[in-house]
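Before any comments, here is the structure.
The values are calculated or read from the model by the stated rules, or taken from the named source; none is laboratory data. On a predicted model such as this, the values are computed, not experimentally measured, just so you know. Backbone-built Cβ (ideal geometry, glycine too); neighbour counts: all protein chains shown.
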Amino acid sequence: MDDTHAPADTTTVTEAVLPGIVDPDGIQVRTRPARPAGPGQVVLEMEAAGISFAEQQMRRGKYYDQPPFPFVPGYDLVGRALDVGEGVPGDLLGRRFAVLTKTGAWASHVTVDAGDLSAVPESVDSAEAETFVVNGITAWQMLHRLAKVRPGQSVLVHGANGGVGSTLVQLARIAGARVVGTASAKHHGAVRALGAVPVDYRSPDLEGRLRGHAPQGYDAVFDHVGGEGIVTSYRLLAAKGTLVSYGTASTRDVQGSSKAPVLKLFARLMFWNALPGGKGAYFYNIWAGRRRLGTFRAKLHADLAEVFALLADGRLVPQVAARVPLTEVGEAVRLAESGTVVGKVVLVP
Ligand SMILES: NC(=O)c1ccc[n+]([C@@H]2O[C@H](COP(=O)([O-])OP(=O)(O)OC[C@H]3O[C@@H](n4cnc5c(N)ncnc54)[C@H](OP(=O)(O)O)[C@@H]3O)[C@@H](O)[C@H]2O)c1
């Protein structure tokens, strides 16, 4: 074994820990000895790990599926296989993979199940690939598996400068759709560069302005904001249009239960979906279907391969807002939450 494949048990792991509900500065960085990969597992040496909106909610104890404190956050990563456990082919060693973890990725070394590994093309940069792991899977599945967007259709993307939003805009344009994207005014140049018509989500008469860009209604609306705005999103649909709701960003700072806003949203979507007339209203959850693990993984690997192929071809343009060392995780979280960035803040070793 050469020195690029050092045994994991002689390695020190650096990891970021959320000890409780804290400000970004309260996120701790600690070290511990690495554990060797168990049966069926792989230890990845992290090359890039993402900061997602989910961690903004987790930091406030407001994530729908909130893990108990303390825990190591980190929804996704790209890393190189450093150690493999029993039953895992040795030829994985040294190869680069992407993994959706939900938690645990903000660490220098991350242990995952071999079945969760998606190959990353060698021609792409790790941080750039990282911006498309949770964002790419989410955007691809909502666009192609749920809304089934076709050329010539009109699509509305809320938060078009965000991680998922900027990916949705690009994939919808590649699919041949016309895209309108809401974003703060300061991000309009970036949204336009991605190929969408920008609209300020704080503008008075937002609904009227959005309707002005699609008088017949939108064939698909992607809404991560929730709250009362979801009613507008539904009203903006074309006769056979599809609303895909996938978050409740507007309730991040609202006191009380993290589940209540989501359950209220589910009830609304179910009601709308039951109405006659041909409109669809769905909630997308990236973890749905995980009980049938083989099918779940096969879809995830196939969809991420499509996204990475577009990245490798230069058709998808990665939006790396910043690369910040893992040891400066508090600063990275502060930046990601500042509302000043386009795309994704990525942690690097
Ligand atoms: N259901 C699922 O399986 C799933 C999977 C992945 C992500 N998500 C959800 O997707 C959303 C986006 O995640 P991300 O990682 O892409 O986040 P992100 O990069 O932080 O982007 C968030 C975007 O939302 C906008 N925004 C924030 N608060 C808003 C509000 N109150 N009203 C309107 N827009 C608002 C931001 O605009 P400014 O920059 O102008 O503030 C930004 O464009 C999150 O809600 C997340 O929970 C869901």
How many residues of region 29-57 are buried (at least 20 other Cβ atoms within 10 Å of the Cβ), among the hydrophobic types (A, V, I, L, M, F, W, C) and more than 16 Å from the ligand (Cβ to nearest atom)? The answer is 6
Inside region 94-103, the number of residues satisfying the requirement of being surrounded by 18 or more Cβ atoms within 10 Å (Cβ to Cβ) and either modelled with pLDDT under 95 or over 15 Å from the mean Cα position of the chain (by Cα) (or both) is 2
Taking the criterion of being assigned to a loop (DSSP other than H, G, I, E, B), surrounded by fewer than 24 Cβ atoms within 10 Å (Cβ to Cβ) and not polar (S, T, N, Q), would at least one residue in region 125-141 satisfy it?
yes
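Would you confirm, using the coordinates I've provided, whether Q153 is modelled with pLDDT of 95 or more and over 23 Å from the mean Cα position of the chain (by Cα)? Spell out how you get there, then give the answer.
Working: modelled with pLDDT of 95 or more: yes; over 23 Å from the mean Cα position of the chain (by Cα): yes.
When the stated conditions are applied, Q153 passes them.
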Out of (1) at pLDDT 95 or above; (2) near the ligand (Cβ under 10 Å from one of its atoms), the one N161 does not meet is (1)
Hey, can you tell me all the residues within region 66-87 that are surrounded by fewer than 21 Cβ atoms within 10 Å (Cβ to Cβ) and either hydroxyl-bearing (S, T, Y) or in contact (Cβ under 8 Å) with a residue 12 or more places away in the chain (or both)?
Q66, P67, F69, P70, F71, V72, R80, G85, E86, G87
Looking only at residues in region 40-56 that are in contact with an Asp or Glu (Cβ under 8 Å, 6 or more places away or on another chain) and in a loop (DSSP other than H, G, I, E, B), which one is modelled with the lowest pLDDT?
S52
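Could you check, for region 27-39, whether at least one of its residues is touching a residue at least 60 places away in the same chain (Cβ under 8 Å) and either in a helix (DSSP H, G or I) or farther than 30 Å from P89 by Cβ (or both)?
Step one: list which residues in region 27-39 are touching a residue at least 60 places away in the same chain (Cβ under 8 Å), which gives 27, 29, 34-35, 37-38.
From what's left, either in a helix (DSSP H, G or I) or farther than 30 Å from P89 by Cβ (or both): 27, 29.
Yes, that holds for at least one residue.
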Those residues of region 230-244 which are assigned to a helix (DSSP H, G or I) and more than 12 Å from the ligand (Cβ to nearest atom), in sequence order
V231, Y234, R235
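Could you tell me which residue of region 174-198 is nearest to the ligand (Cβ to nearest atom), considering only residues that are over 15 Å from H213 (Cβ atoms) and either free of Cβ contacts under 8 Å to residues at least 40 places away in the same chain or surrounded by fewer than 18 Cβ atoms within 10 Å (Cβ to Cβ) (or both)?
Of region 174-198, the ones over 15 Å from H213 (Cβ atoms) are 174-176, 184-187, 189-190, 193-194.
Imposing the further condition that a residue be either free of Cβ contacts under 8 Å to residues at least 40 places away in the same chain or surrounded by fewer than 18 Cβ atoms within 10 Å (Cβ to Cβ) (or both) reduces the set to 174-176, 184-186, 189, 193.
Details: I174: 18, A175: 19, G176: 23, S184: 3, A185: 9, K186: 8, G189: 13, A193: 15 Å.
Result: S184.
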Considering region 208-237, residues that are among the hydrophobic types (A, V, I, L, M, F, W, C) and under 19 Å from Q153 (Cα atoms), and then whichever is farthest from the chain's Cα centre (by Cα), we arrive at A214
Of all residues in region 272-295, which are within 28 Å of K240 (Cα to Cα) and more than 17 Å from the chain's Cα centre (by Cα)?
W272, N273, A274, L275, P276, G277, G278, K279, G280, A281, Y282, G289
Among the candidates R150, R145, which residue alone is in the same structural domain as F222 (by TED's automatic domain parsing), closer than 29 Å to S245 by Cα and more than 16 Å from the ligand (Cβ to nearest atom)?
R150
Please work out if R145 is touching a residue at least 12 places away in the same chain (Cβ under 8 Å), among the charged types (D, E, K, R) and closer than 14 Å to E306 by Cβ.
yes
Quick one: how many residues across region 199-229 are away from the ligand (no atom under 11 Å from the Cβ) and either surrounded by 15 or more Cβ atoms within 10 Å (Cβ to Cβ) or assigned to a helix (DSSP H, G or I) (or both)?
14
Of the conditions (1) surrounded by 24 or more Cβ atoms within 10 Å (Cβ to Cβ); (2) more than 22 Å from P24 (Cα to Cα); (3) of a type outside the set (K, R), A107 clears all except one; give me its number.
(2)
